[in-house]
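The values are calculated or read from the model by the stated rules, or taken from the named source; none is laboratory data. Just so it is clear, the model here is predicted, and its values are computed rather than measured. Cβ placement follows ideal geometry from the backbone for every residue including glycine, while neighbour counts extend to all protein chains displayed. Surface areas here come from the heavy atoms of the whole protein model, side chains and all, with no ligands, DNA or RNA. Shrake-Rupley method; radii C 1.70, N 1.55, O 1.52, S 1.80 Å.
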Amino acid sequence: MTECVIWDWNGTLLDDVDLCVEALNWLLAQFGYPQRYDRAQYQGIFGFPIEDYYRRAGFDFSKDSFADLAERYMQFYIPHSMACPLAADAPAVLAAVRDAGCRQVILSASPLTTLRRQAENLQVTGWFDQLLGLSDIYARSKVQLGRDWMARSGIDPARAVLVGDTLHDAEVARELGARCVLCAAGHQPRATLETAGVPVIDTLAGLPELL
């Protein structure tokens, strides 16, 4: 029985893929790189660690440091993200999960301050027991955040499901001992997600049946 749904935020509940494509192309232009990406091309190179994704996008860290790139990216992304909507079907699915008696939390690789601003802007904080985000802008692993929260909350990992949109979410779920469902409406395409060996849904509407 599922007692808790652990939600990824970016690309899963927050529909920010198009903004991230725009932000990547803006960042490339700001630092003088000629290449540009469309949505499908972006999804083909996106992944974690973010440093590796930046390398696949063509950034040269010998000229431009990851720290400088990440800071400039967030200067563009954060204010524009306030216009991003929730993913299709998200309100109905959040309600269905709640009505099934499940606790819900967000576990994000975003800075906690950004996560809070975005969630408050969309008026969804009331759905969740807690918002869990990182302390910096570098989008590194969220595994320890999840472990610490599960230890505090007393949730049995075997009764938790992590819902995300990237292979990293499947990796995090394995580290936590939780099950995983991936949604192909986010930052990585279905063909990539299917390599994780976990259920893949096209939109969040497919989640309640799996739970």
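Count of region 161-182 residues, restricted to those that are touching a helix residue (DSSP H, G or I) at 6+ places or on another chain (Cβ under 6 Å) and of a type outside the set (A, V, I, L, M), is 3. With the condition kept exactly as written, say whether any residue in region 55-73 is at pLDDT 95 or above, in contact with a Ser or Thr (Cβ under 8 Å, 6 or more places away or on another chain) and under 16 Å from D18 (Cα atoms). So far as region 55-73 goes, no, none of its residues is at pLDDT 95 or above, in contact with a Ser or Thr (Cβ under 8 Å, 6 or more places away or on another chain) and under 16 Å from D18 (Cα atoms).
Among the criteria (1) within 13 Å of the chain's Cα centre (by Cα); (2) of a type outside the set (G, A, S); (3) farther than 14 Å from G11 by Cβ, the one D165 does not fulfil is (3). Of everything in region 99-123 that is of a type outside the set (A, V, I, L, M, F, W, C) and open to solvent by less than 70 Å² (accessible area, probe 1.4 Å), the residue that is nearest to D16 (Cα to Cα) is Q118.
In region 103-119, how many residues are assigned to a strand (DSSP E or B) and either in contact with a His (Cβ under 6 Å, 6 or more places away or on another chain) or hydroxyl-bearing (S, T, Y) (or both)? Count: 2. In the set G44, G32, only one residue is open to solvent by 50 Å² or more (accessible area, probe 1.4 Å), under 21 Å from L167 (Cβ atoms) and either in a helix (DSSP H, G or I) or small (G, A, S) (or both); that residue is G44. Y37 meets each of the listed conditions (1) over 21 Å from the mean Cα position of the chain (by Cα); (2) not β-branched (V, I, T); (3) not in a helix (DSSP H, G or I) apart from (1).
Residue-wise test of (1) basic (K, R); (2) surrounded by 14 or more Cβ atoms within 10 Å (Cβ to Cβ).
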position: F61; (1), (2): no, no
position: A67; (1), (2): no, no
position: R72; (1), (2): yes, yes
position: F76; (1), (2): no, yes
position: S81; (1), (2): no, yes
position: A88; (1), (2): no, no
position: L94; (1), (2): no, yes
position: V97; (1), (2): no, yes
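Being under 18 Å from P189 (Cβ atoms) and of a type in the set (F, W, Y) holds for only one residue in Y37, Y33, and it is Y37.
Residues in region 13-29 that are surrounded by fewer than 21 Cβ atoms within 10 Å (Cβ to Cβ) and more than 26 Å from V124 (Cβ to Cβ): N25, W26, L28, A29. Taking first residues from region 50-73 that are farther than 14 Å from G32 by Cα and partners that are in a loop (DSSP other than H, G, I, E, B) and of a type outside the set (S, T, Y), the Cβ contacts under 7 Å between residues at least 6 apart in sequence or on separate chains come to I50/A139; Y53/F46; Y53/G47; A70/I137; E71/I137. Just one of (1) touching a helix residue (DSSP H, G or I) at 6+ places or on another chain (Cβ under 6 Å); (2) over 25 Å from Q43 (Cβ atoms) fails for C102. It is (1).
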